[in-house]
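The values are calculated or read from the model by the stated rules, or taken from the named source; none is laboratory data. The shown structure was predicted, so the numbers you read here are calculated from the model rather than taken from an experiment.
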Amino acid sequence: MCASQPGEVQFLERFEMKRNCPICKTIVDSESNPEFPFCSERCRLLDLGAWSAEKYVVSEPIFDEEEMDEARRKTVILDLPDRDDS
């Protein structure tokens, strides 16, 4: 969205995307297919099943394990006086 004058809002036109279904490679249109990026519920469920069966894996860790150990938050317990609600 962009505003050209105070109080006026213009909406950018939606653009249509066409991609190949990741399962069967059929061309899929984002505007007309509610299962996008898949061509059908069948392909969507096949992809979900492949993930749950661990057929897909992330090839490299997103974070270096040493960096994660250094970045871990420490728990600090504060000994605060009791609050007087009177």
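Miscellaneous remarks
- Residue 78 being at pLDDT 80 or above and either outside any strand (DSSP E or B) or among the hydroxyl-bearing types (Ser, Thr, Tyr) (or both): no
- Number of residues in segment 34-71 that are of a type outside the set (D, E, K, R), over 20 Å from the mean Cα position of the chain (by Cα) and at pLDDT below 75: the value is 2.
- Unmet criterion (only one of (1) of a type outside the set (Phe, Trp, Tyr); (2) assigned to a helix (DSSP H, G or I); (3) modelled with pLDDT under 95) for residue 4: (2)
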